[in-house]
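Remarks on the structure that follows.
Since every read-out is calculated from the coordinates, none of them should be taken as a lab result. Treat the numbers as computed from the prediction; the structure is a model and nothing was measured. Cβ placement follows ideal geometry from the backbone for every residue including glycine, while neighbour counts extend to all protein chains displayed.
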Amino acid sequence: MGKGDLKSKRGKISRGTYGVRRRRKLKKRAPIEEKVSVDTKK
């Protein structure tokens, strides 16, 4: 369990890859209502 281990978090960090042990941080999406103007009045 070290830098050479492909299944450990430290091994993923040393190789610069991602997987189950090292997840990517997801960017939060903006709500759809803000992107598209929604008119409730007619």
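Observations on the model:
- Protection proxy ranking of 17-28, 1-12, by the mean of other Cβ atoms within 10 Å over each peptide's residues and highest first, is 1-12, 17-28.
- Applying the Karplus relation 6.51 cos²θ - 1.76 cosθ + 1.60 with θ = phi - 60° to the stretch 7-23 yields 3J(HN,Hα) values of 9, 9, 4, 5, x, 5, 5, 5, 7, x, 10, 10, x, 5, 6, 9, 7 Hz, where x marks Gly and Pro.
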